[in-house]
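Comments concern the structure below.
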Amino acid sequence: MQESISREHPDLPSQGKVLVKVGTSSITDNDGLDLRVLSNLADNIAWLWDQGNKFVIITSGARVLGEMSGIKDSRTAAGVGQPMLMEAYRKAFDTYGIQIEQLLLESTHFDRGVMGLLNRNKVKNIIHAISTAWSEGVIPVVNENDPVATERTTLGDNDKLARRISRAMDVDITIFLSTVDSRNGRGGAGSKAIEIRRILRAGGSVMLVDGKRQDVVKKVLEGDVIGIRNAQELIELQRNRNGIRNRIRNALSNRTWQN
């Protein structure tokens, strides 16, 4: 059994609610799923879960897995890749005797009604689903429901989904695992800059880190990882129009992360 990590992160209580958003670039490689990363992620979360922390995982990667299987249509690729992705998560967490639950969401679950107010009943349903899973000892694994999403109902990317779940569940910290490349696909540095800014403005705590780094989730909670962490840092970064984007890229560069 590993020794207990120190609780040095200033924004995390001894038993906190943690959202981990796993980017496609972190969980896949040229051959498909990066099982080394997924196994290490499960190891980190399982150990911290046993210490009394609650986790919700927002995961990307389904569409890329489907495309690697030869599917050309992006929605169909997402539908083909989703069960592959969930089976990999199931096997990774089964090693630690932890069950996972799949939740597929889209923008209609966060619809705004009269006067632009959120439909509280739909949000309450999400809160209830995640809270009930926690009470049953189950970790929710969330993705956007891409196969049936339309231009009107799509969230666009999982960075937006992470921000909305983070706020709904009032999590103590949102951890973005990424290897940011703003030039390709959905998400990227631009999307993360927007969503990180929104989380921080709402009073949340954020850490964006290299998703390929060994034991990175544990290191975040130890306070051992450089990243964007609080509203004061955001204020300083906003003095430079591109400051937050540059900080993200610098935080994920090899120069920053090599020991």
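At-a-glance table
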item	result
Residues Ser178, Ser60, Ser25, sorted so that the one with the fewest Cβ neighbours within 10 Å comes first	Ser25, Ser178, Ser60
Label-point separation in nm, Arg36 to Ser69, each point 7 Å along Cα→Cβ	2.6 nm
Computed FRET value (nearest 0.05) for Asp170 with Asp50, which takes r as the C-beta separation and R₀ as 25 Å	0.65
Extension reserve of the Gln99-Met84 stretch, reckoned as 0.36 nm per residue once the Cα distance is removed	3.8 nm
Residue list for segment 80-99, given a label point 7 angstrom along the Cα-to-Cβ vector of Val148 and an amide N cut-off under 16 Å	80, 82-83
Backbone HN-Hα couplings from phi across segment 47-64 [Karplus 6.51/-1.76/1.60, Hz, Gly and Pro as x]	5, 5, 4, 5, 7, x, 7, 10, 10, 10, 10, 9, 10, 9, x, 4, 4, 5
Virtual spin-label span in nm between Asp224 and Ala202, 7 Å along Cα→Cβ	3.0 nm
Cross-link pairs beyond the 21 Å C-alpha cut-off, checked among Lys21/Lys72; Lys91/Lys219; Lys17/Lys218; Lys54/Lys219; Lys21/Lys54	Lys21/Lys72; Lys91/Lys219
Lys122-Thr76 FRET efficiency (beta carbon distance; Förster radius 41 Å; 0.05 resolution)	0.95
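Every number in this text was worked out from the coordinates using simple rules, so none of it is lab data. Computed from a prediction, not measured in an experiment: that's the story for all the values here. Virtual Cβ from ideal backbone geometry, glycine too; neighbours counted across all protein chains shown.
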